[in-house]
Structure formats: structure tokens, C-alpha cells
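Scroll down for the structure; my scribbles are underneath it.
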Amino acid sequence: MTPDWLRRARAAADAAPAQPRVPLLFGAEAAPVGSVEPGLGERLAAAGLLLRHADAAWWLAEPGDEALAAIARWLHAEGICARWRDELLSVRDASGRRLGAIERAAVRALAIATEAVHLDVAASQGGTWVQLRARSKATDPGLWDTTMGGQVGHGESIEDALRRETLEEAGLDAASLRALRRRDDILVRRPVAEGYMVERIVVFGARLGADAEPVNRDGEVERFERLDVASLRDRLAAGGFTLEATLILGRRLEEETGGAR
């Protein structure tokens, strides 16, 4: 039986936009890459950005990267997008083909689909390694998370992002991870403060030897804890984890115990 906390998390991860949105199309092929609220599209066009309205959609004319960069700077100047990160994320069409890149802070305002990678690590002596996100994090500060979670950067493969983020966040290299395997992806579509989030979460599981523990290197993690099944379930039920971690860890508990309870 699926517990209420996991049912609520799954509903929250598949929610319609809070406001109606208009498709955002890219380049000569008019490939759908995101969406905008109608009023925001009008403001962008009025600001002289490379955007025009056609066929009930906003169309981003080429050159794409230059237009995307200008839009991101405008969104930041207007206080619409999240905190500036100086990180580029890929802009893709529906098939996953990369069409360009945009500043990470702007993706939610434009509902551009992103990719993230998460690592769920079990300790050889039992339990699950989880992290407490630093209070300075731009999103979900002070909440519990999987062992590692991070965005896949522009031009970066899933595997490269996994290695980079695992080393930066948890101080673990590939040699420390045993039985590393990819699990089923999780898709999140939900309203957020900056707009609308569309993200594919690529999930990996692994075990860590008794002689290794995660140690943060980039200042984005306050501490790590090793939780037994009961403690993990209780903390998930209490709402102490990010939505993404709740989905990932709740699904694993469900699979392993026949119900996350």
C-alpha cells in the first residue's frame, strides 16, 4: 500500500502550471522547447528581444544562443528568474537533441526541460547515506536529500555529471562505488516560484564499502547521515526531504519492502 506522503509527493510532481502558458518554439524548425506565461511573452517582445508571436506560440528566432542569453539577462534584471548561477544548461527539442544553451537561473521561467542526476548510496554496514543541504542553497535549503543530486550541464553526458557531482558533493570517486546501476528515470512537472519545472531525473543506486564515507567538498552540504530503514521512512513521512529525494527514496522503499508505509 502506498503511504499518503508518497502519494502526495507523486501528485505534486505531476501538476499543471499555476497559470496558463503558451508554447515556446526555437529556431527555423519551430521546435517546442518550453513555454511562457502570455504576459511574460509580451514583456519579452516589448523589450526588443528576439521573440515574436505566431500561431498561438512565442517563437525564438535564430541565432538561438544569443537570443537565449539576452532573455536570461533580461529575466535576471527584472527579478523574474532565480539567483544567477553562471552555469549553462542545454536546450533540447522533444527528441532530446541539443539545440542551444541557457543560463540555469532562467530555465523555470521558460519551462525549459532540464536533466538532473541523483545517486542513492547504501552503506555496506546497513542503512542509506543522505545529505542535509546547506542553508545557503538556492533551492530547498536545509532539507534532506539523496547522497548526491545535481544538474547535468550543457554538453555534459549523464555519466560525466554523475562522476563530477559525486566527487564534488560527496567526495567519492567511481572506485568507491560498488554495484553501481541505473534505475528508472523520474519525470517531474510542477509549478515553482520562478515558473514551471520540467525535469528528467536520472537515478543511480550504489553501495559504499565499510572503509568509505561521503564527505562534502563544495560547501553545498551541511552534513551526511546514515539512516536505517525506519529512520529514513519516518523522516520522509515527516516531510524533511526534497520532493525529488522523496520520490527516489520512496520508490526504492516501496520496491524493497513491498510498500513504503
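Maximal additional length on extending the residue 85-residue 135 stretch stands at 16.4 nm, based on 0.36 nm per residue less the C-alpha distance. Residues in the range 1-27 near a label at residue 93, defined as backbone nitrogen under 13 Å from the 7 Å Cα→Cβ point? Answer for the range 1-27: 25-27.
Please list 127-135, 41-49 highest first by mean number of surrounding beta-carbon atoms within 10 Å per residue.
Working: 127-135: 19.0, 41-49: 16.0.
Result, highest mean first: 127-135, 41-49.
The simple Förster model, with R0 at 22 Å and r as the Cβ-Cβ distance, assigns residue 230 and residue 183 a FRET efficiency of 0.45.
Ranked highest first by the average count of other Cβ atoms within 10 Å around their residues, in what order do 116-123, 190-197, 228-235 fall?
Working: 116-123: 22.6, 190-197: 18.6, 228-235: 15.1.
Going by the mean number of other Cβ atoms within 10 Å, highest first, we get 116-123, 190-197, 228-235.
Kirkwood hydrodynamic radius computed over the range 22-106 comes to 12.8 Å, based on all pairs of distinct alpha carbons.
If you rank 218, 93 by fewest surrounding Cβ atoms within 10 Å, what's the result? Can you show the working numbers first?
Values: 218 13, 93 16.
Arranged by neighbour count, lowest to highest, 218, 93 become 218, 93.
Rounded to the nearest 500, what is the 222 nm mean residue ellipticity of the chain from helices alone, with -39500 (n - 2.57) per DSSP H run of 4+ residues and division by all residues? Before the final figure, lay out each step's value.
On the way: 6 runs with 69 residues, N = 261.
Taken over the chain, the calculation gives -8000 deg cm²/dmol.
For residue 8 and residue 28, what does the FRET efficiency come to when R0 = 51 Å and r is the distance between their Cβ atoms, rounded to the nearest 0.05? Let's see the in-between values first.
Numbers: r = 43 Å, r/R0 = 0.84.
That gives a FRET efficiency of 0.75.
Basic side chains Lys and Arg get +1 at the Cβ, acidic Asp and Glu get -1 at the Cβ, and with that the dipole of the chain about its Cα centre reaches some 560 debye. Round to a whole angstrom and tell me the spacing of the C-alpha centers of the range 105-149 and the range 1-76. Their Cα centres are 24 Å away from one another. Label the chain by shape, choosing from rounded, prolate and oblate, from the square roots a ≥ b ≥ c of the eigenvalues of the Cα gyration tensor; if a/c is under 1.5 it is rounded, and otherwise prolate applies when a/b is larger than b/c, oblate when it is not. Prolate shape, in that a/c is at least 1.5 and a/b is the bigger ratio. Summing Lys and Arg as +1 and Asp and Glu as -1 over all other residues whose Cβ lies under 9 Å from the Cβ of residue 252 gives a net charge of -2. Assuming R0 = 41 Å, what is the FRET efficiency of residue 19 and residue 255, from their Cβ-Cβ distance, to the nearest 0.05? E between residue 19 and residue 255, to the nearest 0.05, is 0.70. Dipole orientation for the chain: of the candidates 96, 127, 221, 127 has the Cα lying most toward the positive pole (charges on Cβ; Lys, Arg +1; Asp, Glu -1). Take 157-169, 17-29 and order them by the average number of nearby Cβ atoms within 10 Å per residue, most first; the result is 157-169, 17-29.
Laboratory data are not the source of any read-out in this text; all were calculated from the coordinates shown. What you are looking at is a predicted structure, and each value in this text was computed from that prediction instead of being measured. Neighbour counts run over all protein chains shown; Cβ positions are idealised from the backbone, glycine included.
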